[in-house]
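Working notes, structure below.
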Amino acid sequence: MSVQLALTSALSGLRTTQQQAAMVSHNLANATTAGYVRRDLDLSAVTTAGRGAGVRVDAVARKVDELLIRDARFETSRYSGQEARASALADYALVLGQPQDEKSVSTQLSKLQQAFSRLHDMPNDDAARNAVVSQAAALAGGLNRAAEAAQTVQDDARDRLQTSVDAVNTSLQRISDLNGRIATLETRGGDAGDLRDERDRLLDQVSQEIGIRTYSREDGQTVVMTRNGQTLLDHPLAPGEQPLTLLGDEVMANGVSLSAKPDSEIQSGRIMGYVQTIKQDMPRAMAQLDELAAGIVQAFQGAETDPTQPGLFTDAGAAYGATAGLASRITVNDVVRTESWRMQSGVQATAPLEPGDQTQLNKFLTVFTDTRSFAATDMPASATLGSYATAMVSAQQGYRTGAESEMNARKISADTLETARINRDGVNIDDEMQKLLLIEQSYGASAQVVQVAGRMIDILLQIKG
């Protein structure tokens, strides 16, 4: 090897180790930066006329595992969707209570039955009559509050759904901009690693809102689609362009309703959780409440002389009209609030019964023991009012605990994959420090070659002189 070739090789080694040291330092500086992906330099040997002439840097390599990223995003998306749904169910279940709670409608119904039983034993006791009226009002109020809670949870989910849709559109606008900048920079041979990190962070955010699939084009741009293939981003977005829109309760993309078949079109993400709350969980809860309210109104109406006229419980002051929304309209008949004697004689009675007459009270008590038909999802087809109320409250608590259990399971999977992703693509400080030691040794070796070559040149010049 000639002295000139030795110098050339050593100088290339010095330049390369300088770049390596700078890259390792950049990795260390960003070790705690969220979403930062470790960088390495791709090196190759330089040959001249078939002889080694040093080393060169071919490219800055951004070390990522696309399959691991895909799986981590999907599991995180499934977790965020289940978390949104579990939170909504917990908010409703908190108001509805457990079957044994004082505030639950099943307990209030049981207390009304107990109040009627006490009045049956003391039909002339004014305090016992007033206790029945008071407990009937408590039951109606409990149904009203539960219906209001279900409506509030549903409305809140609608607001959050709009926020999620807006967040997705904002992130996609930014990703569209980054696509163009990355393509331009890499075409010119520049390093777009930091821009790619930012784009991946945005894609992570989008995947938390809605399940997505992505693939990269040859020019470095990323195409974003829903899990079922509806395109969200495949071209530069114009300012204000919205890949996702909300039409009523329907999430739309390319004119297609994603929420019409959420299990296949959306699959995961907070948007999935909010859609389930709006279109499945709260409508089911409201329907179950309305069935119970209808059973109560109709049962007490049927215990009166004229079963077509209002009884102890009314539909907003009138006789039973329709089941839908009845839980929010059910009230105690105003007439019993000022004339409690009707609790012994009948709400429709024209005059009080004889003292000690239990005829009407017996009819009222059969309301609680008679089996009725119901038509709500996940509820018994026939049951007593008390059994139905207990089953309804238990079912809602079951939905909540089931959603929370699945959420916790998704959390474990998401955390495991995210940890694996960080360990695979992130910065390990110990590894980077070891690299610095090797770089230092390599730099020292190249520098020593330069020194030796310099002394050789000095000796040759002395000999020639």
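How much length is gained on full extension from ASP42 to TYR215, taking 0.36 nm per residue of separation minus their Cα-Cα distance?
Contour length minus Cα-Cα distance gives 59.9 nm.
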Practice item. Please determine, in degrees from 0 to 90 and to the nearest 10, the orientation of helix 429-464 with respect to the longest principal axis defined by the Cα atoms of the chain, where the helix direction is its Cα long axis. Key: 10
Review point. Restricting attention to segment 202-253, which trypsin sites (Lys or Arg not before Pro) occupy a DSSP loop and are surrounded by at most 16 other Cβ atoms within 10 Å?
Key: ARG217
Exercise for review: Could you tell me which of the pairs LYS111/LYS279; LYS279/LYS363; LYS111/LYS261; LYS103/LYS363 are separated by over 31 angstrom between their Cα atoms in the structure shown?
Suggested key: LYS111/LYS279; LYS279/LYS363; LYS111/LYS261
Point to revise | Positive-end residue, segment 260-350 charge dipole about Cα centroid, Cβ charges, pick of TYR274, THR331, PRO310 | key: TYR274
Check your understanding: Cα centroids of segment 304-370 and segment 396-446: how far apart, whole angstrom?
Key -> 65
Study note, to complete from the structure: Descending accessible area (1.4 Å probe), largest on the left, turns THR377, THR350 into THR350, THR377
Review point. For LYS435, which aspartates and glutamates qualify as cross-link partners when the Cα separation must be under 19 Å and same-chain residues fewer than eight apart are set aside?
Key: ASP40, ASP42, ASP58, ASP425
Check your understanding: Label point 7 Å out from ARG118 along Cα-to-Cβ: which residues of segment 139-156 have amide N under 15 Å?
Key -> 139
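Using the beta-carbon distance between SER134 and THR401 and R0 = 35 Å, what value does 1/(1 + (r/R0)^6) give for FRET efficiency, to the nearest 0.05?
Working: r = 33 Å, r/R0 = 0.94.
The computed FRET efficiency comes out at 0.60.
Take the Cα atoms of segment 1-120, build their convex hull, and give its volume per residue in Å³.
Values: hull volume 14.5 nm³, N = 120.
It is 121 Å³ per residue.
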Check your understanding: To the nearest 10 degrees, how steep is helix 66-96 against the longest Cα principal axis of the chain, on a 0 to 90 scale?
Key -> 20
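Efficiency by 1/(1 + (r/R0)^6): what FRET value for LEU460 and ARG201, r their Cβ-Cβ distance, R0 = 35 Å, to the nearest 0.05?
The pair LEU460/ARG201 has a calculated efficiency of 0.05.
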Review point. To the nearest 10 degrees, how steeply does helix 105-121 sit against the main Cα axis of the chain, on a 0 to 90 scale?
Key: 20
Point to revise | Those aspartates and glutamates that a straight Cα-Cα span of less than 14 Å connects to LYS411, excepting residues fewer than 8 apart in one chain | key: ASP71, GLU75, GLU83
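R0 = 56 Å: FRET efficiency of VAL64 with ALA260, Cβ-based, nearest 0.05?
Numbers: r = 35 Å, r/R0 = 0.63.
That pair, VAL64 with ALA260, gives E of 0.95.
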Check your understanding: Put a dot 7 Å past each Cα toward the Cβ at THR419 and GLN358; how far apart are the dots in nm?
Key -> 6.6
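Give me the one-decimal Kirkwood hydrodynamic radius in Å for segment 348-465, with the sum taken over alpha-carbon pairs. Don't skip to the end; give the middle numbers.
Numbers: mean 1/r = 0.0416 Å⁻¹.
Hydrodynamic radius (Kirkwood, Cα pairs) of segment 348-465 is 24.1 Å.
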Revision key, fill the gap. Summing -39500 (n - 2.57) over every DSSP H run of at least 4 in the chain, dividing by its residue total and rounding to the nearest 500, the 222 nm mean residue ellipticity is -21500 deg cm²/dmol
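The values are calculated or read from the model by the stated rules, or taken from the named source; none is laboratory data. All of these numbers come straight from a predicted model, not from anything done at the bench. Cβ sites come from the backbone with ideal geometry, for glycine too, and all protein chains shown count toward neighbours. Heads up: the accessible areas ignore ligands, DNA and RNA and are worked out on the full protein's heavy atoms, side chains in. Shrake-Rupley method; radii C 1.70, N 1.55, O 1.52, S 1.80 Å.
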